[in-house]
1. If I go through segment 249-268 residue by residue, how many of them are β-branched (Val, Ile, Thr) and either under 16 Å from Asn134 (Cβ atoms) or not assigned by TED's automatic domain parsing to the domain that holds Leu221 (or both)?
2. Take segment 204-218 and flag every residue that is within 12 Å of His100 (Cβ to Cβ) and outside any loop (DSSP other than H, G, I, E, B).
3. Here are Phe147, Phe140: which of them is out of contact with any strand residue (DSSP E or B) (no Cβ under 8 Å at 6 or more places or on another chain), surrounded by 15 or more Cβ atoms within 10 Å (Cβ to Cβ) and more than 23 Å from Val10 (Cα to Cα)?
4. Of all helices (runs of 4 or more DSSP H) completely enclosed by segment 84-160, which ones contain at least 2 residues that are of a type in the set (Phe, Trp, Tyr)?
5. Can you find a residue in segment 7-27 that is assigned to a loop (DSSP other than H, G, I, E, B) and surrounded by fewer than 11 Cβ atoms within 10 Å (Cβ to Cβ)?
6. How many of the residues making up segment 29-83 are basic (Lys, Arg) and either assigned to a helix (DSSP H, G or I) or not assigned by TED's automatic domain parsing to the domain that holds Phe97 (or both)?
7. Do you know which of the residues in segment 191-203 that are at pLDDT below 95 and part of a strand (DSSP E or B) is surrounded by the most Cβ atoms within 10 Å (Cβ to Cβ)?
8. Name the single residue, out of those in segment 244-293 being of a type in the set (S, T, N, Q) and assigned to a strand (DSSP E or B), that is farthest from Glu74 (Cα to Cα).
Amino acid sequence: MDKYRILFIVNPISGFGLGWEIPYRIRHIAAYKHIEYNIRFTEYAGHAKEIVEQAKSQNYTHIVAAGGDGTVNEIGTALMGTGIAFGVISLGSGNGFARHLGFSQMMTKALKQILKSETTNIDVVEINGLYSLNVSGFGFDAEVAHFFSTMKIRGIFSYIYSIVRMWFRYPGKRYRFHVNGKTWEEECFVLSVANSSQYGNNASIAPKASLRDGLVDICILKRPKYYQIPRFLYCFMNSKIARLPYFSEIQCTEAFIEGDLAKAHIDGDPYTLVPPVTVKVHPGVLKVIAPKLSHKKDGGKV
């Protein structure tokens, strides 16, 4: 296993401090006894990207992000075009990108997958100069991300509270789309820009999405009526949202969107943009570790 030289970049506050366990877990995995690896803990916002920039000249074969979706985005996008294999140890509340690639949510198993899985090149989506690995968007989910960021206690229960609170406060907005040579206006409750299939926790917003097809999925959801909510939740959590008549998923290489788009989220983190918004795909620019490719039962779909 001398081909491996791995750097783990760990956000120690993700997962209620679970990241501090990573050195202990690695020491108790036999396969790592013959692997050269280093562990760096982030100390402030933006530190992960600085660590990646330093590491690019240090002959690492793999760089692994241990943290939530924000940490994953910061490290993964900094590795675009480097040829260094990118892996994920999930410590966040959603972990949609890691789930799509097939990484276990159990730390020890995910650490083992780093050494046993194949690699592939995936697309990255650009939104007004910002880069997205997973799912970004506007509308309801952006409102949720902005409210969630103000909460003192993070985690899945706080996220659910944010969703419920904003559900009854956000009315939806009208946008103008220029996609695949067509122009139209549409009222949206959720407007997502998807590179992979789910927000996290198996909540799928883009069932057609693939990280390797050179396409971005523009997902439009009109506000469900109250009596439609049970079916919506069932379909949303079971990758069957395409069955809903008030949902549409448009695949393209580039999109131009006009409207009230200032409030956005990029892979779950809140951002304020200057509208209009241009979305485009950068095909195959990031090398990733993809456990799904190593399991025949998954059909190699990433």
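The values are calculated or read from the model by the stated rules, or taken from the named source; none is laboratory data. None of the values given here were measured: they were computed from a predicted structure. Reconstructed Cβ throughout: ideal geometry from the backbone, glycine too, with neighbour counts over all protein chains shown.
1. Total satisfying the criteria: 1.
2. The one that is within 12 Å of His100 (Cβ to Cβ) and outside any loop (DSSP other than H, G, I, E, B): Ser204.
3. Phe147 is the lone residue from the list that is out of contact with any strand residue (DSSP E or B) (no Cβ under 8 Å at 6 or more places or on another chain), surrounded by 15 or more Cβ atoms within 10 Å (Cβ to Cβ) and more than 23 Å from Val10 (Cα to Cα).
4. Ranges flagged: 140-148.
5. The answer is no; no qualifying residue exists.
6. Residues that pass the stated criteria total 2.
7. Tyr199
8. Only one residue fits best here, namely Ser248.
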